[in-house]
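Just so it is clear, none of the values below were taken in a lab; they were calculated from the coordinates. Computed from a predicted structure; not experimentally measured. Counting neighbours? That spans all protein chains shown, and the Cβs are built from the backbone with ideal geometry, glycine included.
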Amino acid sequence: MPLCGYALAMISLPASLDRNSAVGLFEDVVGLLAGGATRVELDAGQVRHIDAFGAAAILEAHGAASQAGAEFRLRNVSSQTREVLALLRVDRVLSTSREVPAKEPLLARIGGWGFALTHSAVQQAALNVDGLFLTFIAPFRRKGPRVVQFIRQLNLIGTQATGIVVLISFLIGLIMALQSASQLRQFGANIYVADLVGISMTRELGPLLTAIIVAARSGSSIAAELGTMVVTEEVDALRVMGLNPRRFLVAPRFAAMVLALPCLAILADLAGITGGFVVGVFGLDIGANHYWNQTITALYTSDILSGLVKSFVFANVIAVVACHCGLSLTGGPEQVGRATTRAVVSSIIIVILADFFFTSIFYLLT
């Protein structure tokens with residue numbers, strides 16, 4: 001509805017600016033310019049839907065204002081409307097402005113953060129339940145993940161990560177043995193380097209290092225892949241076809257992560273112990289048989305099992321967080337990188353918190 005003053009004319013655009021509603025926009029602008037308006041403003045605050053006809057009508061109105069020597073401005077443009085205008089290259093011609101929203105009170109912002117955190121936690125919990133069901137129960141009902149996709153993900157997450165996990169764990173074992181030997185040799189207790197390296201790797205560093213490496217390597221890949229599928233509407237296509245996206249997209253990655261991470265943690269344990277063995281035998285003059293016997297004597301079954309339990313939990317965390325960050329992506333392709341970063345950072349933080357929790361429990365039980 002046009003509002004005309006001496007020099008300023010403003011038109012409030014309708015909620016749906018399509019072929020039917022955009023017909024009279026050009027005529028309204030021409031009439032306002034003929035009435036002597038030197039500045040035309042279109043208020044797009046109520047626009048919820050705009051198509052090519054609506055964008056073309058705005059562009060024609062801009063052209064009429066330019067010919068009349070009047071200033072033209074589009075106000076209160078929402079992000080959705082701005083994306084449509086950018087897609088049709090209309091935003092390059094128009095001078096658009098967006099009113100800066102009022103700053104929310106502190107309590108309102110805290111409440112918003114709390115609500116968002118709670119909503120995200122509930123979604124991730126539901127995703128974890130679905131992942132466990134599709135991995136361990138659904139296969140017996142012939143509704144589990146597809147075997148081909150599962151094997152492909154197992155290769156990407158497990159097999160291709162073996163080299164870097166073994167290399168870093170081996171180097172960590174070397175460093176731990178050297179650092180501990182510098183203190184233990186003051187007391188003539190070099191042999192206990194085997195105990196320290198063996199227990200530290202199986203209980204703590206093996207599962208934790210593996211989880212961090214896999215989160216950075218595979219968690220980021222999962223989030224980026226699923227986020228790209230959301231942007232290209234492949235996930236929506238699965239829903240339209242009546243298929244469950246969690247079965248076809250989440251389940252293979254979840255199952256592969258749960259199986260691969262404990263196996264990689266075992267390899268990391270062996271690689272770290274081997275690194276300590278190299279330092280002990282060639283740097284501390286400890287006999288090879290003596291070193292291995294000391295390691296075997298120091299380790300208990302509970303040490304290895306506690307590491308495997310942690311690895312299983314870490315695998316759940318990484319798979320759920322990565323899949324959630326990918327599937328919950330909103331916006332365009334530029335948001336894929338942010339979702340990937342958020343997945344890696346969130347996974348590592350939650351993994352370390354979970355490690356602290358389980359370490360505290362195991363400490364109290366022993």
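Which longest uninterrupted range of the chain lacks any trypsin sites (Lys or Arg not before Pro) assigned by DSSP to a loop state (not H, G, I, E or B) and surrounded by at most 15 other Cβ atoms within 10 Å? For trypsin sites (Lys or Arg not before Pro) (loop position, at most 15 other Cβ atoms within 10 Å), the longest site-free span of the chain is 147-366.
Considering only chymotrypsin sites (Phe, Trp or Tyr not before Pro) in DSSP loops that have at most 15 other Cβ atoms within 10 Å, the longest stretch of the chain without any of them is 7-299. When the Cα positions of Phe362, Leu299, His119 are compared along the charge dipole of region 118-365, His119 comes out farthest toward the positive end, with charges on each C-beta of Lys, Arg, Asp and Glu. Dipole size of the chain about its Cα centre, with +1 on Lys/Arg Cβ and -1 on Asp/Glu Cβ: approximately 600 debye, rounded to the nearest 20. Derived scalar couplings between HN and Hα for region 74-81 equal 10, 10, 6, 7, 6, 5, 5, 5 Hz in order, rounded to whole Hz, by the Karplus curve 6.51 cos²θ - 1.76 cosθ + 1.60 (θ = phi - 60°), x for Gly and Pro. For region 166-252, GluC sites (Glu not before Pro) are listed when DSSP marks them as loop and at most 16 other Cβ atoms sit within 10 Å of their Cβ; the list is Glu233. For Ser21, no residue whose modelled amide H falls within less than 5 Å of its own remains once neighbours fewer than 5 places apart on the same chain are excluded. Against the set (i) 30.4, 101; (ii) 23.8, 79; (iii) 22.0, 76, the structure's computed Rg and Dmax of the Cα atoms in Å falls on (i). If you average the alpha carbon positions of region 314-351 and of region 195-221, how far apart do those two centres end up, in angstrom? For region 314-351 versus region 195-221, the Cα centre distance is 19 Å. Per-residue 3J(HN,Hα) values for region 268-277, derived from phi via the Karplus relation 6.51 cos²θ - 1.76 cosθ + 1.60 with θ = phi - 60°, read 5, 4, 5, 5, x, 5, 5, x, x, 4 Hz in sequence order (x marks Gly and Pro). Couplings for region 260-267, taken from phi via the Karplus curve 6.51 cos²θ - 1.76 cosθ + 1.60 with θ = phi - 60°, read 6, 5, x, 5, 5, 5, 5, 4 Hz in order; Gly and Pro are left as x. If you run the Gaussian network model on the chain, springs between alpha carbon atoms under 10 Å, then out of Leu74, Leu243, Leu261 the most flexible one is Leu74. Charge dipole (Cα centre; +1 on Lys/Arg Cβ, -1 on Asp/Glu Cβ; no other charges) of region 2-87 amounts to roughly 160 debye.
Using C-alpha pairs under 8 Å with a sequence gap of at least 6, the mean separation divided by the residue count of the chain gives a relative contact order of 17 percent.
Three semi-axes describe the equivalent ellipsoid of region 102-221; taken as square roots of 5 times the Cα gyration tensor eigenvalues and ordered largest first, they are 40, 27, 14 Å. Around the amide H of Phe72, modelled in the peptide plane, lie the amide H atoms of Val40, all under 5 Å away and 5 or more residues distant in sequence or on another chain.
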